[in-house]
Amino acid sequence: MTLYFDPLTSLGDDREAFKGRWEDRLWLNVPGPLYGADTDNCWTGRLHAPAHVLYGGEHASEYVYRQPRTPAETARLVEAARSDPFACYACDGDAWWTSDLVREWWRGRARVTEYLAGRRGEWAEFDARSGQGIVAAVRDFEAYIADGLATDLRVYLYWLEERRSPGAEDRLPAL
């Protein structure tokens, strides 16, 4: 059983849809190869990848709150990237995330949960206008941070350090 799914292996020619820059990424993106970087604020990302994309930051940009785990999920994120008129999704996170940066993001996760909780009214208002299930997705992200993301990040740390998926017998790095 493979613990880490590398979404980049299923991108192929779709890599052209990912032109975002690391220095423009939104701090809310979970560590991983795919992220939103100064995307538009047209709110099209959730239409294509509702289990992976949320809106936030100063301009309600799109960001990846859950990395894909299958080729089908990756394809949905590709569609989200293709729908961004600024072409600011990126797929080069593996070149930028380091073990230290992943751990730093994890230590700062309270900032993310505070941000999400502090905007509940906004999310409800946005939902009323867009009907995109943003409130439910925010709850999903909060639940993921509370239970599941730590393990996924430990698997990702292993991937970053070893450039292979950990096996059942491999020890995952600590966060």
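Some values worked out for this structure:
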read-out: Percent RCO, i.e. relative contact order, over the chain, from Cα pairs under 8 Å lying at least 6 residues apart; value: 26
read-out: Dimensions (Å) - segment 33-175, Cα atoms, principal axes, largest first; value: 48, 30, 23
read-out: Segment 1-85 - Kirkwood radius from inverse mean 1/r over Cα pairs (Å); value: 12.7
read-out: Separation in nanometres of the label points that stand 7 Å from Cα toward Cβ, at R69 and Y144; value: 1.0
read-out: Solution diffusion estimate, µm²/s, Stokes-Einstein, segment 93-136, Kirkwood Rh from C-alpha pairs, 20 °C, viscosity 1.002 mPa s; value: 173
read-out: Accessible carbon and sulfur surface of segment 104-150 relative to its total accessible area, %, 1.4 Å; value: 48
read-out: Rounded to the nearest 20 debye, dipole of segment 91-175 from Cβ charges on Lys, Arg, Asp, Glu; value: 180
read-out: Calculated FRET efficiency for the pair Y4/A168, C-beta based, R₀ 22 Å, to 0.05; value: 0.95
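The values are calculated or read from the model by the stated rules, or taken from the named source; none is laboratory data. The model shown is predicted, which means the values in this text are computed figures rather than measured ones. Neighbour counts are summed over all protein chains in view; Cβ atoms, including those assigned to glycine, are modelled from backbone coordinates with ideal geometry. Surface areas here come from the heavy atoms of the whole protein model, side chains and all, with no ligands, DNA or RNA. Shrake-Rupley method; radii C 1.70, N 1.55, O 1.52, S 1.80 Å.
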